[in-house]
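*Asks:* The following block contains the structure, expressed as structure tokens.
The values are calculated or read from the model by the stated rules, or taken from the named source; none is laboratory data. Note that the structure is a prediction, hence the values are computed from the model and not measured. Don't worry about glycine lacking a Cβ; one is built from the backbone with ideal geometry, like all the others, and counts go over all protein chains shown.
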Amino acid sequence: MTQGAFGPTSNHAPGGGSPGVGKWVKRGLLVGLVGLLVVVQWPLLKGVVYSIAPPAPASPEDLPAWREGYSAALEEAQRTGKPVLIDFTATWCPPCRVMEADVWPDERVREAIEERVIPVQLDVDDPSSAAAVRRYGIQYIPTIVLVDGQGGEIARGGFLSAGQMVDFVRQHAPEAAEASAEPGN
């Protein structure tokens, strides 16, 4: 105990704790909160970095064979029986840049897409994509929508890592041989 201006004072925190413990708890909570924010917002943060210092662009043979336009992709889907995988994207979207750099060039993703779906990218800012954006009620990007040959929605996802994209395609788009096989034949 020491003598203060208004009487005896203690060097200990109220409740008998050591001085400064509350400060360390607050710092720990702050570090934990920042860490959680980084984990949750990693695609956005990584996309911002890619916007500032873009990675080398993938060569066209390292990307899915994107079809030209939504209508053409639906027509091909009707002929082949494969569903259409629509990637709603924009040039200004940081998580879309991450998918462009890390997901689409992944060999496993390309193989799953080539085997099972008709891929098409639609820029939400392009007027030619407006009808599809309205039809599927796109509220955020990236949005991945899998549709049948008539445009009926099969499944939907947001930002997906390469592994998640492979799982998404395999789960919702059966292989062409499986899709065309009929029981009893």
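*Asks:* Is there any pair with a first residue in segment 140-154 that is among the polar types (S, T, N, Q) and a second that is in a strand (DSSP E or B) whose Cβ atoms are under 9 Å apart and which are 6 or more apart or on different chains, and what are they?
*Replies:* If the second residue must be in a strand (DSSP E or B), the pairs left are T143/I86; T143/D87; T143/F88; T143/T89; T143/R156; T143/G157.
*Asks:* Contact list please: Cβ distance under 6 Å, first residue in segment 109-130 and farther than 14 Å from T89 by Cβ and free of Cβ contacts under 8 Å to residues at least 60 places away in the same chain, second residue among the hydrophobic types (A, V, I, L, M, F, W, C) and in a loop (DSSP other than H, G, I, E, B), pairs at least six apart or on different chains.
*Replies:* Close Cβ pairs satisfying both conditions: V117/A173.
*Asks:* Okay, moving on. Out of (1) at pLDDT below 95; (2) farther than 20 Å from S59 by Cα, what's the single condition that is false for I154?
*Replies:* Evaluating I154 over (1) at pLDDT below 95; (2) farther than 20 Å from S59 by Cα leaves (1) as the failure.
*Asks:* Something else: Tell me, please, whether a residue that is farther than 23 Å from S71 by Cβ and in contact with a Gly (Cβ under 7 Å, 6 or more places away or on another chain) can be found in segment 100-116.
*Replies:* No - not one qualifying residue is present in segment 100-116.
*Asks:* Would you call A65 at pLDDT 90 or above and surrounded by 11 or more Cβ atoms within 10 Å (Cβ to Cβ)?
*Replies:* On the way: at pLDDT 90 or above: yes; surrounded by 11 or more Cβ atoms within 10 Å (Cβ to Cβ): yes.
Yes: the conditions hold for A65.
*Asks:* Here's another thing I want to ask about it. Looking at A181 and the list (1) among the aliphatic types (A, V, I, L, M); (2) at pLDDT below 95; (3) within 24 Å of S71 (Cα to Cα), which single condition is not satisfied?
*Replies:* (3)
*Asks:* For segment 134-162, how many residues are under 16 Å from C96 (Cα atoms) and part of a helix (DSSP H, G or I)?
*Replies:* First, pick out the residues of segment 134-162 that are under 16 Å from C96 (Cα atoms): 138-145, 156-162.
Then keep just the ones that are part of a helix (DSSP H, G or I); that gives 162.
Of the residues in that region, 1 qualify.
*Asks:* Here are P105, P174: which of them is touching a residue at least 40 places away in the same chain (Cβ under 8 Å), under 22 Å from S59 (Cα atoms) and part of a loop (DSSP other than H, G, I, E, B)?
*Replies:* Matching residue, one of P105, P174: P105.
*Asks:* Here is a further query. Taking the conditions exactly as written (in contact with a helix residue (DSSP H, G or I) (Cβ under 6 Å, 6 or more places away or on another chain), among the small types (G, A, S), surrounded by 11 or more Cβ atoms within 10 Å (Cβ to Cβ) and modelled with pLDDT under 65), does G47 satisfy them or not?
*Replies:* When the stated conditions are applied, G47 passes them.
*Asks:* Give the residue that is farthest from the chain's Cα centre (by Cα), with candidates limited to residues of segment 146-159 that are crowded, with 17+ Cβ neighbours inside 10 Å and either within 14 Å of R116 (Cα to Cα) or among the aromatic types (F, W, Y) (or both).
*Replies:* This residue is G149.
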